[in-house]
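Notes to accompany the following structure.
The values are calculated or read from the model by the stated rules, or taken from the named source; none is laboratory data. Keep in mind the model is a prediction, meaning the values are calculated, not measured. Here Cβ is always computed from backbone atoms with ideal geometry, including for glycine, and neighbour counts include all displayed protein chains.
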Amino acid sequence: MTEVAEIFETMDWGPAPENRAEADAWLDAHARTFGHFIGGKRWKPGETFATVNPATGEALAQVTQGTEDDVTAAVKAARKAQKAWAAASDHDRARVLYAIARGLQKHARLFAVLEVLDTGKPIREARDIDVALAARHFYHHAGHAALRGETLPGAAPWGVCGQIVPWNFPLLMLSWKVAPALAMGNAVVLKPAEWTPLTALAFADICQQAGVPPGVVNIVTGDGATGAALAAAEIDKLAFTGSTEVGRVLRRETAGRGIGLTLELGGKSPYIVFEDADIDGAVEGLVDAIWFNGGQVCCAGSRLLVQEGIAEDFQRRLIARMAKIRVGDPLDKAVDMGALVHAEQKARVEAMLAQTSGTVHRGVAPEGCYLPPILVSDLHSADPLMQEEVFGPVLAMTTFRTPAEAVQLANDTTYGLAASVWSQDIDMALDTAPRIDAGVVWVNGTNMLDAAAPFGGMKESGFGREGGIAGLHAYLRPEAGAALAEPKRYDGTAAPSDMIDRTAKMYVGGKQARPDGGYSRPVFGPKGAVGEVGIANRKDLRNAVEAARGAKGWSASTGHLRAQILYYLAENLSARAAEFDARLKAQGAKDAAEDAVRALFRWAAWADKHDGRTLGVPMGGLALALNRPVGVIGAFAAEDAPLTAMATVIGAALATGNRLVLVAPETAPLTATDLYQVLDTSDVPGGVVNLLTGDHAELAPHMGGHLGVDAVWSFSSADISGVIEREAAADLKRTWVNFGRATDWADSDRFLRAGCEVQTVWVPFGL
Ligand code: NAD
């Protein structure tokens, strides 16, 4: 043992190991062999595999590899328990969540040490962040459970939720999933990662002690095959945290099944340091952002962007700080960085490093499953280390000249999970933060997380939020409308040519355009042909998307301006109401222009009122949940109330700052073509609304797969929901599809949520 006197001589840290006796006693009490936790009971172990302490290589316990039958049994137990759980009073459910929070606090050391043994992360992180935040999550959601009737009246849970979590924050990710699910009245089947199942298994004890009714929480252990079985089981909703690769597989797997899906995926988060930043603060922030947990953090600030003028100085100070980072025994309270989770992970990181063209700077690490803090400088933005998630302690650095370039580089990635912005200039910091396409942005800080603050990604970092009110919606079943009847299709022989508009065009980029293929078709009403519309093909769709992408200015316009334009649109439609009504009637459509005018008025009203929230986070500063437009929405119009539905979709998309490519209803398409002139006279900028006419089933896969479309909504009577969801896996775009059910056009909240991404911005403020 090092003497205190010696330590004074060297001013080095002495060892300060956390006691693992309690964790060992818990493992021994279970004979270090675990079965699943199903229906409130621990099952007999099945075929097992070892879970290993990566810091030492010791096998900690044997854990059961879940089979399809195990998963089925767990889902059955959850199904049996869920109804009564949902029917329990808000107060009763809240008390159980509260008891879980208390239980986690009471056993904080057990959980922290088990987490360290299983993951190799430093005890400081497990103790001060993981366990503390997990308890905070259950406290916060005990509150949401208690208030459910007041804050979310009429809310209905999904039912049985499958939940799959990764290895980097096993207990914290469990709490992010279990707490909101239970608070809203769901039952869950959770599968922890195969490398780190222990805290989930210990959580089963807490559930028993806290009075969670048997079957409400079930834990099935196993690897990816068990996860795949869970995703394929008869669940109502799947919540997944893990890699983008597996997220994509799960998007395809669940497509067309009508179940809920939220994906929290990978990231490559930019860490932007401006010349006027507090440099030492920014250097210290990086220790937390990338190295603390060996870089095995989804929101790790792994792309360092430094303004040129300070780059040399910054790099020098960073390398000096790296040399002082202590890597070693994760149970040591004075250690900054522990082991990597698994030798396989270490090998993966080293393989990526071996290929870089940048300059590699390394700190110091012991032998074994450890890596030192690593900085790779002189990189181009296209370098794989700048683009691909490493999930190791590797910081990739490049420089920028201007704030505009910083934003451009920050957004030059398929991911959009998190970002940090460092500047002492308030204008610079607050101007830059909202320009970054990331679900979470920290100003002069990093990696701050809280149960009240929505967390989740944009772009290929996934969709859905965990935390706050936005996170609750992930566990509520949207109201399903009545099944849509097949719309009445009038058929016949084309009428004499003078009845037909041979100049059939679509509306793209604020102009009327002939369909690319030159094809058109007659439109029939009860009394025969009433006109003709173009048939859009893939190229027309591409042109429309391009026009919508070009109309970026709309997303940056003020709510006031958007309201003005929507009011004007309503006014112009109102002036021509009789004409629209006549045309609707001629096509045999049941709808009234007056209803559409009302819808536009309502959306004009919303345009400047969909405010974000200020979040009550328990840290100095302010977290803001901002509503950002999704971007370009591709939508398939409804046939049941063609004009009102189109007016609602146009109103909702535009009010929330989005640009739209709308495919007209198949059975009353002339109502869409009539809208061109109304749009023209209403000051809607070119490209903000693009209208195509054509076949929904034909266009659905192209819309779903188009990389320029950020979200697809379908209200169509055609059976295109599954196709859209499957194709959307390509870039993990957001989808809102109807599965052949009617939409409640008056449900503003649903449209507002679909039209926005919540961006959580953390800013230093007061206190
Ligand atoms: P992973 O995707 O390989 O595994 C995650 C989980 O999915 C594990 O439980 C695994 O067993 C399971 N799984 C694997 N294949 C599956 C399949 N085909 N079907 C169903 N389940 C399957 O990810 P990982 O390597 O364990 O974790 C690291 C990843 O997690 C990183 O990409 C990281 O960014 C991400 N992550 C994201 C967040 C977030 O909130 N966005 C948080 C933590 C980690």
### Query
Of ALA277, ALA311, which residue is away from the ligand (no atom under 16 Å from the Cβ), assigned to a helix (DSSP H, G or I) and of a type in the set (A, V, I, L, M, F, W, C)?
ALA311
### Query
Looking only at region 222-269, which residues are over 17 Å from VAL165 (Cα atoms), more than 18 Å from the chain's Cα centre (by Cα) and among the charged types (D, E, K, R)?
GLU234, ASP236, ARG257
### Task
Enumerate the pairs (first residue in region 736-765 and assigned by TED's automatic domain parsing to the domain that holds ALA605; second residue anywhere and in a helix (DSSP H, G or I) and among the hydroxyl-bearing types (Ser, Thr, Tyr)) with beta-carbon separation below 8 Å, excluding pairs fewer than 6 apart on the same chain, so at least 6 apart or on different chains.
VAL737/SER721; ASN738/SER721; PHE739/SER721; GLY740/SER721; TRP745/THR644; TRP745/THR648; PHE751/THR648
### Task
Might you let me know whether region 5-21 holds any residue that is at pLDDT 95 or above, surrounded by fewer than 18 Cβ atoms within 10 Å (Cβ to Cβ) and in a helix (DSSP H, G or I)?
yes
### Query
Among (1) within 16 Å of the ligand (Cβ to nearest atom); (2) more than 24 Å from ALA78 (Cβ to Cβ), which single condition is GLU253 missing?
(2)
### Residue satisfying condition, being within 30 Å of GLU479 (Cβ to Cβ), among the polar types (S, T, N, Q) and either assigned to a helix (DSSP H, G or I) or within 14 Å of the ligand (Cβ to nearest atom) (or both), within set THR226, THR262
THR262
### Summary
Reported set for region 152-171 where residues are more than 23 Å from GLY222 (Cβ to Cβ) and surrounded by fewer than 23 Cβ atoms within 10 Å (Cβ to Cβ) is LEU152, PRO153, GLY154, ALA155, ALA156
### Task
Kindly list, by first and then second residue, each pair from a residue in region 1-21 that is β-branched (Val, Ile, Thr) to a residue that is surrounded by fewer than 13 Cβ atoms within 10 Å (Cβ to Cβ), limited to pairs with Cβ atoms under 7 Å and residues at least 6 apart or on different chains.
none
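Kindly indicate whether any position in region 174-187 is under 20 Å from GLN65 (Cα atoms) and within 14 Å of the ligand (Cβ to nearest atom).
First, pick out the residues of region 174-187 that are under 20 Å from GLN65 (Cα atoms): 174.
Next, only the ones that are within 14 Å of the ligand (Cβ to nearest atom) stay: 174.
So far as region 174-187 goes, yes, one or more of its residues are under 20 Å from GLN65 (Cα atoms) and within 14 Å of the ligand (Cβ to nearest atom).
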### Query
What residue, among those in region 188-211 that are part of a loop (DSSP other than H, G, I, E, B) and surrounded by fewer than 24 Cβ atoms within 10 Å (Cβ to Cβ), is farthest from the ligand (Cβ to nearest atom)?
GLY211
### Query
Do the conditions hold for VAL689, that is, is it in contact (Cβ under 8 Å) with a residue 60 or more places away in the chain, crowded, with 22+ Cβ neighbours inside 10 Å and either over 21 Å from GLY517 (Cα atoms) or not assigned by TED's automatic domain parsing to the domain that holds ASP581 (or both)?
yes
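Do we find a residue being at positive phi, of a type outside the set (Ser, Thr, Tyr) and more than 16 Å from the ligand (Cβ to nearest atom) anywhere in region 350-357?
Filtering region 350-357 for residues at positive phi gives none.
No.
For THR67, state whether it is hydroxyl-bearing (Ser, Thr, Tyr) and not assigned by TED's automatic domain parsing to the domain that holds ALA225.
So THR67 does not fit the description; no.
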### Query
Would it be correct to say that ASP540 is part of a loop (DSSP other than H, G, I, E, B) and acidic (Asp, Glu)?
no
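Return the only residue of GLU115, GLU125 being touching a Phe, Trp or Tyr at 6+ places or on another chain (Cβ under 7 Å), in contact (Cβ under 8 Å) with a residue 60 or more places away in the chain and among the charged types (D, E, K, R).
Numbers: GLU115 fails: touching a Phe, Trp or Tyr at 6+ places or on another chain (Cβ under 7 Å).
Result: GLU125 is the single residue among GLU115, GLU125 that is touching a Phe, Trp or Tyr at 6+ places or on another chain (Cβ under 7 Å), in contact (Cβ under 8 Å) with a residue 60 or more places away in the chain and among the charged types (D, E, K, R).
Any residue that is under 30 Å from LEU626 (Cβ atoms), in a loop (DSSP other than H, G, I, E, B) and either β-branched (Val, Ile, Thr) or not assigned by TED's automatic domain parsing to the domain that holds ILE235 (or both) - is there at least one of those in region 493-504? Step through it out loud before you land on a result.
So in region 493-504, the residues under 30 Å from LEU626 (Cβ atoms) come out as none.
No, region 493-504 has no match at all.
Kindly indicate which of ASP12, ASP69 is farther than 23 Å from TYR370 by Cα and either of a type outside the set (A, V, I, L, M, F, W, C) or over 34 Å from the mean Cα position of the chain (by Cα) (or both). It would help to see each step written out before you state the result.
Numbers: ASP12 fails: farther than 23 Å from TYR370 by Cα.
Of ASP12, ASP69, the one residue that is farther than 23 Å from TYR370 by Cα and either of a type outside the set (A, V, I, L, M, F, W, C) or over 34 Å from the mean Cα position of the chain (by Cα) (or both) is ASP69.
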### Summary
The residue from LYS41, LYS83 that alone is surrounded by fewer than 17 Cβ atoms within 10 Å (Cβ to Cβ), without any contact (Cβ under 8 Å) to a residue 40 or more places away in the chain and more than 20 Å from ILE164 (Cβ to Cβ) is LYS83
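Over 22 Å from ASP695 (Cβ atoms) and modelled with pLDDT of 90 or more - does that describe any residue in region 510-517? Working first, answer last.
Step one: of region 510-517, the residues over 22 Å from ASP695 (Cβ atoms) are 510-511.
In the following step, the residues that additionally are modelled with pLDDT of 90 or more were identified as 510-511.
Within region 510-517, one or more residues are over 22 Å from ASP695 (Cβ atoms) and modelled with pLDDT of 90 or more.
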### Query
Is there any pair linking a residue in region 363-381 that is modelled with pLDDT under 95 to one that is hydroxyl-bearing (Ser, Thr, Tyr) and part of a strand (DSSP E or B), with Cβ under 6 Å and at least six apart or on different chains, and which?
ASP378/THR359; LEU379/THR398
